[in-house]
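The values are calculated or read from the model by the stated rules, or taken from the named source; none is laboratory data. None of the values given here were measured: they were computed from a predicted structure. For neighbour counting, all protein chains shown are included, and Cβ atoms are generated from backbone atoms with ideal geometry for every residue, glycine included. Side chains are part of the model used for accessible areas, which takes the heavy atoms of the whole protein and leaves out ligands, DNA and RNA. Shrake-Rupley method; radii C 1.70, N 1.55, O 1.52, S 1.80 Å.
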Amino acid sequence: MSDDKTRTPIWNLLRSRSVEPAAAAPAEAAVPAGLRIATAYAWRFLVVAAAVGVVVWLVIQFKLLVIPLLVAILITALVWPALSWLLRHRVPRWAAIVLTLVGTIAIVSGLVWLVAWQVSSEFSAVRDRVVVAVDELRGFLVGIGVSQAEIDGYIDQGLALLQEESGTLMSGALAVGTTVGHLAAGLLLTLFALICILADGGGIWRWAVRLFPKGARTAVDTAARNGWRTVINYARTQLLVATIDAVGIGIGAFALSVPLAIPIAVMVFLGSFVPLVGAILTGAVAVFIALVYNGPLIAIAMLAVVLAVQQLESHVLQPILMGSAVKVHPLAVVMVVAGGSMIAGIPGALFAVPLAAFVNVVAVTLSSGSWRTGEPLHGDLIWDTVPKSIGPVRPNPATGAPTATRPSDPSKGTAL
């Protein structure tokens, strides 16, 4: 077989073709290696960006279906610990679902009733305080040199503008009516999707996995389950954070005699589900209400309460209550929330962080190959544990100075 005469014509043909690329090598070599690598990354990036753009476009087109589904999934993650607890205590699944739904609806209805009760009971006082605030503002403007005639002129211009734009306001009212109809349909769709997910979420997911090729089903199933556990962990974390912030700021507002303390607490609770950004905005609204109705001294005290509650929640209660829970990095939170709000407004800001965390865990699971071995995820995640695990302090062999070593398992405490 080593003799050339014993080689077949096919072998000779393959050998002749194998040297053809060498002839074309000079043309390829004329392109710098850096440019070849950059173009290889560029066209792949363009393909990925186009795919992401198509997905975002489809989501925007079907937002009336996608948003209720995402809301149902997020609510499922919030109530999943309670449902799991009932199932572990041998409560029938249908009864556990009914108790979970009834309890959730009762809590939401109770919060709405408390807000409506306090607003109705303090409406007259708030109205009188608004009149006083307007008079104080008028006096302040007169004191800095604005004449009463100019103030009345500005008011007349505002009323004239409202009359001129009455057609626009009417069309806006019709748009609000349409939005209310969409909201009612979305609530019904959310409730229906929530019941279906709680009743047969496993069956729905098994059907979804069968849409993928057989060779990819194990990877898809493992990666998605890791991501789902991360979303549950995230939802539990945000629920505790929202409760702590709402109770603390609400009690502070009540102690300082700030009006509408219960609506402020509910607003803080809802706003805390948008990490970092929501707490800042709702806290600023609480301080503004205190400034308008109680004056600058009470507003400063309210600001101190907001800062104290947020610092207590971040540095004391979170490590105690959620020592193994994940905490998204603040830079990632700001960037993701800003991008989500730019794309989809308030729903985008609400779902941006859990969606980013889910996608990140899925990507790390697939790229690291942990879906084959079942090992915990290692690094490359956009969050860190709260608090960080610090290894024993040992002397540095080179300098002799004490050095804190990292634990042997860097993934301990990250997403389940």
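Selection of first residues in the stretch 43-69 that are under 12 Å from Leu189 (Cβ atoms) and of second residues that are among the hydrophobic types (A, V, I, L, M, F, W, C) and part of a helix (DSSP H, G or I), restricted to Cβ pairs under 7 Å at least 6 apart or on distinct chains, gives the following pairs, ordered by first then second residue: Val66/Val59; Pro68/Leu189; Pro68/Ala193; Leu69/Ala193. Of the residues in the stretch 288-313, how many are assigned to a loop (DSSP other than H, G, I, E, B) and buried (at least 18 other Cβ atoms within 10 Å of the Cβ)? Residues meeting the conditions: 0. In the stretch 246-270, the qualifying residues are those that are more than 12 Å from Gly283 (Cα to Cα), open to solvent by 40 Å² or more (accessible area, probe 1.4 Å) and not aliphatic (A, V, I, L, M), and the one that is farthest from the chain's Cα centre (by Cα) is Ser257. Just one residue in the set Val266, Val241, Val231 is touching an Asp or Glu at 6+ places or on another chain (Cβ under 9 Å), part of a helix (DSSP H, G or I) and within 19 Å of Thr104 (Cβ to Cβ); that residue is Val241.
Looking only at residues of the stretch 164-200 that are small (Gly, Ala, Ser) and at pLDDT 85 or above, we find that the one that is least open to solvent (accessible area, probe 1.4 Å) is Ala193.
The set of residues in the stretch 203-220 that are charged (D, E, K, R) and loosely packed, with under 13 Cβ neighbours inside 10 Å comprises Arg206, Arg210, Lys214. Only one entry of Leu74, Leu111 meets the criterion of being at pLDDT 85 or above, in contact with a helix residue (DSSP H, G or I) (Cβ under 9 Å, 6 or more places away or on another chain) and assigned to a helix (DSSP H, G or I), and that entry is Leu74. Scanning the stretch 88-108 for residues that are surrounded by 14 or more Cβ atoms within 10 Å (Cβ to Cβ), in a helix (DSSP H, G or I) and among the aliphatic types (A, V, I, L, M) yields Ala96, Ile97, Val98, Leu99, Leu101. Could you check the stretch 302-329 and list, in sequence order, the residues that are at pLDDT 70 or above and either charged (D, E, K, R) or within 15 Å of the chain's Cα centre (by Cα) (or both)? Residue satisfying the conditions is Glu313 alone.
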